[in-house]
Amino acid sequence: MELYYEQNVVNHNIDERAKKTKTLTVIKTVCLIGGVFMLVSSALYWGIAFFSIPLFIGFLIVSRLNKRNNTEYDYVVDDECIKISEIYFRSRRKLKYSISLRFIESVGVFDSEGYKKIERKATKKHLALVNYDDEKAVVYILYNTNKGKKLVFIEPDRGFIIALRRALSSSALTVFDKSISDFEKYLAKREQELTGNNDDSKEDEQYDVEQSENSSDQVDSLGDENAELTEAESK
């Protein structure tokens with residue numbers, strides 16, 4: 001049976017930064033238009049060309065910042081490889097890394113003793129994650145390439161780790177660092193906490209509904225009693 005698992009790493013800050021993104025887009029456009037205008041004007045007076053350099057530098061910096069703030073990821077693991085794609089502005093997708101399973105040397109948690117042992121082996125390091133705050137949720141993958149060993153950092157869920165373990169099969173025993181076992185427990189505990197919070201919210205909602213229904217019943221009951229008293233007094 002063919003194995004396939006896909007995880008979407010959602011960047012929740014995109015919606016919160018919508019106004020900032022629009023502002024940066026305007027600044028980027030102004031820098032680009034200004035730079036091009038200065039460059040064209042240099043045909044009349046060559047000294048103007050120097051003023052276009054800061055504008056083009058500003059364009060590159062703002063573009064990079066805007067892109068980083070609006071990037072999400074897709075992780076895919078199958079029988080042969082891991083594929084990591086970047087998604088820009090929730091519309092454009094680009095395959096960044098394709099890692100053959102047979103070239104993977106080590107998988108473990110960033111905040112672990114195992115990482116300290118293999119850190120210096122890598123010639124290059126790449127980030128493919130959205131959340132930089134929780135180091136316990138960051139996993140490294142050390143793999144071999146024609147240009148040396150490389151490290152890529154991801155933030156996988158428990159389903160991804162389970163799928164990767166199955167894909168690696170017997171080699172998982174040597175590839176997976178011992179920190180992965182604790183990592184799976186950490187993810188399971190976090191899932192339980194999230195599920196518990198959702199259950200509590202549902203219970204609170206149900207309680208509010210019951211309280212509202214009870215209040216309505218009490219109001220109706222008081223209304224009936226007042227009506228009976230009024231009728232008795234009139235008699």
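Values for this structure:
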{"item": "Subset of the stretch 62-90 (residues that are open to solvent by 90 Å² or more (accessible area, probe 1.4 Å), over 22 Å from Y140 (Cβ atoms) and in a loop (DSSP other than H, G, I, E, B))", "result": "R90"}
{"item": "Residues satisfying the stated conditions in the stretch 172-199, i.e. free of Cβ contacts under 8 Å to residues at least 60 places away in the same chain, surrounded by 13 or more Cβ atoms within 10 Å (Cβ to Cβ) and of a type in the set (S, T, Y)", "result": "Y186"}
{"item": "Filter result for K116 (in contact (Cβ under 8 Å) with a residue 12 or more places away in the chain and open to solvent by 100 Å² or more (accessible area, probe 1.4 Å))", "result": "no"}
{"item": "Out of I104, I141, I154, sole residue that is over 19 Å from the mean Cα position of the chain (by Cα), open to solvent by less than 20 Å² (accessible area, probe 1.4 Å) and not hydroxyl-bearing (S, T, Y)", "result": "I104"}
{"item": "Residues located in the stretch 177-195, provided they are within 17 Å of A163 (Cα to Cα) and of a type in the set (A, V, I, L, M, F, W, C)", "result": "I180, F183, L187, A188"}
{"item": "The stretch 61-80, subset closer than 15 Å to Q7 by Cβ and not β-branched (V, I, T), residue farthest from the chain's Cα centre (by Cα)", "result": "D78"}
{"item": "Test for L24: is it modelled with pLDDT of 80 or more, part of a helix (DSSP H, G or I) and open to solvent by 40 Å² or more (accessible area, probe 1.4 Å)", "result": "no"}
{"item": "Test: K83 is modelled with pLDDT under 85 and under 24 Å from the mean Cα position of the chain (by Cα)", "result": "no"}
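Condition check ((1) more than 25 Å from S85 (Cβ to Cβ); (2) hydrophobic (A, V, I, L, M, F, W, C); (3) under 18 Å from the mean Cα position of the chain (by Cα)) across all residues:
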| residue | (1), (2), (3) |
| --- | --- |
| N8 | no, no, yes |
| I14 | no, yes, yes |
| C31 | yes, yes, no |
| S42 | yes, no, no |
| S52 | yes, no, no |
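The values are calculated or read from the model by the stated rules, or taken from the named source; none is laboratory data. A quick note: this is a predicted structure, and the numbers were derived from the prediction, not measured. Positions of Cβ are generated from backbone atoms using ideal geometry, with glycine treated the same way; all protein chains shown enter the neighbour counts. Keep in mind that these areas ignore ligands, DNA and RNA; they rest on the heavy atoms of the full protein, side chains included. Shrake-Rupley method; radii C 1.70, N 1.55, O 1.52, S 1.80 Å.
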